[in-house]
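The values are calculated or read from the model by the stated rules, or taken from the named source; none is laboratory data. Keep in mind it's a predicted model, so treat the numbers as computed, not measured. Here the Cβ is made from the backbone with ideal geometry for all residues, glycine too, and neighbour counts use every protein chain on show.
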Amino acid sequence: MSSEDQRRQFELYKKNVQRRGKPFYPYAIFHDTVMSFVVVCVIIGLACLWYFTSSEEAGDSGVLGPRYTEESDPGTISFTPRPDWYFYFLFYLLRIFKWPESVVLATVGIPTILLIILFAVPFFDRRRERRLIRRPVAVVAALLVIASMGVLTYKGATAKEVLASENLAMVPEWQAQQQLPQEAIPGARIFAQLTCLNCHSYLGTGGGFPGAPDLTAEGAKGRGVEWQIAHLRCPSCEVPGSAMPPFDALDDEQLRQLAVFLEASKGPGGSG
């Protein structure tokens, strides 16, 4: 559209506004602002109603339900974290694109490219046509996006996680493959129930976090039990820049058992 055509369209718009209605600014913007204020007030009102009608005598329960649920346990070894439902499609993309070759496509590439295309549409599509039957490309693209997000959301919602009980059932297999001594078995059970396999891998199980090493042959590095204990207590102290969290919930005996297991893990077949 040439500058002359744009000028004529703008003049026509001003005449139509003067003849038939009010301009978008400031009237429509004012209405949107008022409605947004009303919505925020309703949310604040519901939050206040929820909070001030609950009490300890009523079990911290008000007219809109309990004020608090059970407090989270930072030392849990059985909780499986899951994203909110509106992130399930991204959650499942991470299952499709594995680290390290292609995970950047799921975390950065695909969402960024789609957002750029969405923001660019008003700039490269300047047609005034708005009827859906006259816009087949836009309609097909929108339907494909909706269908893709719907399928990925469903797959993410129904995806099964590896539970601690399933990892625990693999301890006898680990013992056989690694030829673990009996004193390493309690540590193997702790390792199976902790969140270690969410990041690290062990004999082909778990893994997926960038930079988290495979612990199958951790004991072959010869670091020693005391180093393992110190590393579990403060990973960044022993390995500067480590993203691994400290295992504060484990007592001294559990830390030693876990360290013994790691030192006994010297690869399939073991080495003594």
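Being modelled with pLDDT under 75 and surrounded by 10 or more Cβ atoms within 10 Å (Cβ to Cβ): is that true of residue 62 here? Show your work before the answer.
Working: modelled with pLDDT under 75: yes; surrounded by 10 or more Cβ atoms within 10 Å (Cβ to Cβ): yes.
It is true that residue 62 is modelled with pLDDT under 75 and surrounded by 10 or more Cβ atoms within 10 Å (Cβ to Cβ).
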Notebook entry, point to check: Residue check, residue 229 against (1) in a helix (DSSP H, G or I); (2) within 21 Å of residue 169 (Cβ to Cβ); (3) β-branched (Val, Ile, Thr), all met but one. Which one?
Noted result: (2)
Item checked: Filter result (under 19 Å from residue 246 (Cα atoms) and in contact with a helix residue (DSSP H, G or I) (Cβ under 6 Å, 6 or more places away or on another chain)) within the range 198-224 -> 209, 212, 218
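For every residue, the table says whether it meets (1) polar (S, T, N, Q); (2) surrounded by fewer than 16 Cβ atoms within 10 Å (Cβ to Cβ); (3) in contact (Cβ under 8 Å) with a residue 60 or more places away in the chain; (4) closer than 27 Å to residue 103 by Cβ.
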position	(1), (2), (3), (4)
166	no, yes, no, yes
169	no, yes, no, no
195	yes, no, yes, yes
199	no, no, no, yes
219	no, no, no, no
229	no, no, no, no
243	no, yes, no, yes
252	no, yes, no, no
Check: Can you tell me how many residues in the range 116-156 are touching a helix residue (DSSP H, G or I) at 6+ places or on another chain (Cβ under 7 Å) and aliphatic (A, V, I, L, M)?
Finding: 4
Checklist line | Members of the range 103-148 that are loosely packed, with under 12 Cβ neighbours inside 10 Å and not in a helix (DSSP H, G or I) | finding: 125, 126, 127, 128, 129, 130, 131
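Conditions (1) surrounded by 10 or more Cβ atoms within 10 Å (Cβ to Cβ); (2) without any contact (Cβ under 8 Å) to a residue 12 or more places away in the chain; (3) not assigned by TED's automatic domain parsing to the domain that holds residue 62, marked per residue:
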{"residue": "12", "(1), (2), (3)": "yes, yes, no"}
{"residue": "20", "(1), (2), (3)": "no, yes, no"}
{"residue": "23", "(1), (2), (3)": "yes, yes, no"}
{"residue": "29", "(1), (2), (3)": "yes, yes, no"}
{"residue": "44", "(1), (2), (3)": "yes, yes, no"}
{"residue": "50", "(1), (2), (3)": "yes, no, no"}
Check: Here is a list of conditions, (1) surrounded by fewer than 17 Cβ atoms within 10 Å (Cβ to Cβ); (2) part of a helix (DSSP H, G or I), and residue 211 meets all of them except one; can you say which number that is?
Finding: (2)
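Going by what's in this entry, would residue 77 be described as surrounded by 10 or more Cβ atoms within 10 Å (Cβ to Cβ) and either in a helix (DSSP H, G or I) or modelled with pLDDT of 75 or more (or both)? Talk me through it step by step, then tell me what you get.
Working: surrounded by 10 or more Cβ atoms within 10 Å (Cβ to Cβ): yes; either in a helix (DSSP H, G or I) or modelled with pLDDT of 75 or more (or both): no.
It is false that residue 77 is surrounded by 10 or more Cβ atoms within 10 Å (Cβ to Cβ) and either in a helix (DSSP H, G or I) or modelled with pLDDT of 75 or more (or both).
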Check: What number of residues within the range 198-219 are modelled with pLDDT of 80 or more and within 25 Å of residue 82 (Cα to Cα)?
Finding: 11
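Every residue in the range 240-264 that is closer than 24 Å to residue 183 by Cα and in a loop (DSSP other than H, G, I, E, B), please. Reasoning before the result, please.
Step one: list which residues in the range 240-264 are closer than 24 Å to residue 183 by Cα, which gives 246-264.
Listed by number, the residues that qualify are 246, 247, 248, 249, 250, 251.
When only residues in the range 80-98 that are assigned to a loop (DSSP other than H, G, I, E, B) and within 10 Å of the chain's Cα centre (by Cα) count, which is modelled with the highest pLDDT?
The initial filter retains those residues of the range 80-98 that are assigned to a loop (DSSP other than H, G, I, E, B), namely 80-84, 97-98.
Checking the rest, the ones that are also within 10 Å of the chain's Cα centre (by Cα) come to 81-84.
Numbers: 81: 70, 82: 78, 83: 83, 84: 86.
Applying the filter and picking the extreme gives 84.
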Notebook entry, point to check: Mind checking whether some residue in the range 232-239 is assigned to a helix (DSSP H, G or I) and surrounded by fewer than 14 Cβ atoms within 10 Å (Cβ to Cβ)?
Noted result: yes
